[in-house]
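Okay, structure first, notes after.
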Amino acid sequence: MSTVRAHGGKFLSRKASFIRDQRGAVALEMLIVYSMLMFSLFLPLADVAIAGFRYISAWEALRGFGQYIQYDPPPDVTNASSWASTASAKADPRFPISNLQVLCGDAKAVCSAANVSAPVKYYSYTTTVTFAPMVVRSALCTSSNANPCTFTLRYTERFQ
């Protein structure tokens, strides 16, 4: 059996020297600490960040579409259905625009011959955004629909 000299000048067996020298234990513990951090902190943060980026992208698509239709108003606000279909085709394909309406008056009712003389007119439309979280599904997806991580964003903008 080989022996090794310890700090105190005593001779120890090589096995006792390895047991006494604990420098490699940190490397082994680091795997456990890293895996706990990865699954309990980093993956949920990544889910929230991805959901945030998707939400911001959908909101910016709504605003961008609003800027587009500000410069391309409907020729007749009482019959805007054909204009709405061609305008919706110009939207961001990742976030399609639905329920595009022209609203008149302070009550924000759909424009008709009765309220077309109102001085205030609005555009109103919606889009949907879908999240796909891996870890924090129960926190981000609260609905019990078939696809519980789909949310509808509504946007209203004054144009006159």
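A few remarks follow.
- Some residue of segment 89-100 being within 22 Å of the chain's Cα centre (by Cα), β-branched (Val, Ile, Thr), closer than 22 Å to Thr150 by Cβ and surrounded by fewer than 12 Cβ atoms within 10 Å (Cβ to Cβ): no
- Tyr68 being within 30 Å of Tyr123 (Cα to Cα), modelled with pLDDT of 75 or more, among the hydroxyl-bearing types (Ser, Thr, Tyr) and in contact with a Lys or Arg (Cβ under 9 Å, 6 or more places away or on another chain): yes
- Residues of segment 98-125 classified as closer than 16 Å to Gln70 by Cα, in a strand (DSSP E or B) and of a type in the set (A, V, I, L, M, F, W, C), total: 4
- Selection status of Ser57, in contact (Cβ under 8 Å) with a residue 24 or more places away in the chain and out of contact with any helix residue (DSSP H, G or I) (no Cβ under 7 Å at 6 or more places or on another chain): yes
- Single match in Phe95, Phe65 (criterion: in a loop (DSSP other than H, G, I, E, B), within 19 Å of Thr128 (Cα to Cα) and of a type in the set (Phe, Trp, Tyr)): Phe95
- Checking each residue in segment 79-92 for being outside any helix (DSSP H, G or I) and within 15 Å of Tyr123 (Cβ to Cβ) picks out Ala80, Lys90, Ala91.
- Test for Ser82: is it free of Cβ contacts under 8 Å to residues at least 12 places away in the same chain and out of contact with any Pro (no Cβ under 6 Å at 6 or more places or on another chain): yes
The values are calculated or read from the model by the stated rules, or taken from the named source; none is laboratory data. Model, not experiment: these values are computed from the prediction. Counting neighbours? That spans all protein chains shown, and the Cβs are built from the backbone with ideal geometry, glycine included.
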